[in-house]
Amino acid sequence: MSFPLRGAGVVITGGGGGIGAALARRFAAEGARIVLADLDAPAVQAVAAEVGAVAVTGDAASVDGVAALVSRASDELGGIDLYCANAGVAPHGGPEAPEEVWARAWDVNVMAHVRAANELLPGWLARGRGRFLATVSAAGLLTSLGSAPYSVTKHGALAFAEWLSATYRHRGITVQAICPQGVKTDMLAATGTAGQLIMGASAIEPSQVADSVMAAFADDRFLILPHPEVAAYYATRATETDRWLGGMNKLQRKVEAAQER
């Protein structure tokens, strides 16, 4: 494995459930030392107790919250080898969504990554190594019908991850982006009829996402695709954009028809 987890210091945001908890279980089984962060104190404390991690309750998106998390984790772990920017929000709506909803989506889905990198890079660059794992979602490669804030900010998260990789890979910084479609989490459940129609049939367990991450640690690939078919969708989006948009609009019409029943 290119990145051995035994003894590694790992931080996972959004660690109270879903993909974050699945990553924690898998990394702990490999011998990693883990700090888990989440706004939900009981949830993150339960997962931390299960895997032998340190639980940190708080906002891992704000400037002060990210700085406090990185500082606490550095003290607990003696250094951070892998930072998993996994926390995310997926509010419904389009341009009519309130300004505060858009602002929160930017903070959690994009700026949390930017702020974490700002805290981590000086130390990583000084020692010549570090790994940043961003939970982006296939929405960052494609789109997510029903949620403009999620789609737009996940594109931003992917763009930032690409920039980090292009800028620092020659200095020992490895950046990877997890881009699954539907995953059986509370976030998918909250999408209701639209989410189930679009992603329900192909939704996978969080543990399967963790399996894909472990496989990607073997070769340091940038894009981690737990749903391999996303690669073909991404290629069609890039090379046959109007065809792809037409297909997405057809799916949108299906969603609208289902909601009218």
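The values are calculated or read from the model by the stated rules, or taken from the named source; none is laboratory data. In this text, all values refer to a predicted model and were calculated from it rather than measured experimentally. Positions of Cβ are backbone-derived with ideal geometry, glycine not excepted, and every protein chain shown enters the neighbour counts. What goes into the accessible areas is simple: the full protein's heavy atoms, side chains included, and nothing from ligands, DNA or RNA. Shrake-Rupley method; radii C 1.70, N 1.55, O 1.52, S 1.80 Å.
Summary of computed values
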read-out	value
Any hit, the range 67-83, residues being open to solvent by 20 Å² or more (accessible area, probe 1.4 Å) and touching a Lys or Arg at 6+ places or on another chain (Cβ under 7 Å)	yes
The range 202-250, residues that are closer than 27 Å to residue 131 by Cα and polar (S, T, N, Q)	207, 208, 212
Subset tally (residues that are at pLDDT below 95, of a type in the set (A, V, I, L, M) and within 25 Å of residue 5 (Cα to Cα)) for the range 164-216	2
The listed residue being of a type in the set (Asp, Glu), free of Cβ contacts under 8 Å to residues at least 40 places away in the same chain and under 20 Å from residue 92 (Cα atoms), out of 256, 240	256
Checking residue 61 against (1) under 18 Å from residue 214 (Cβ atoms); (2) touching a residue at least 24 places away in the same chain (Cβ under 8 Å), the condition it does not meet	(1)
The range 1-19, subset open to solvent by 10 Å² or more (accessible area, probe 1.4 Å) and small (Gly, Ala, Ser), residue nearest to residue 65 (Cα to Cα)	14
Condition check for residue 174: under 15 Å from the mean Cα position of the chain (by Cα), polar (S, T, N, Q) and open to solvent by 10 Å² or more (accessible area, probe 1.4 Å)	no
Selection from the range 101-112 of residues that are open to solvent by 50 Å² or more (accessible area, probe 1.4 Å) and either within 14 Å of residue 135 (Cα to Cα) or not in a helix (DSSP H, G or I) (or both)	111
Among the candidates 22, 97, residue that is within 27 Å of residue 155 (Cβ to Cβ), more than 19 Å from the chain's Cα centre (by Cα) and surrounded by 15 or more Cβ atoms within 10 Å (Cβ to Cβ)	97
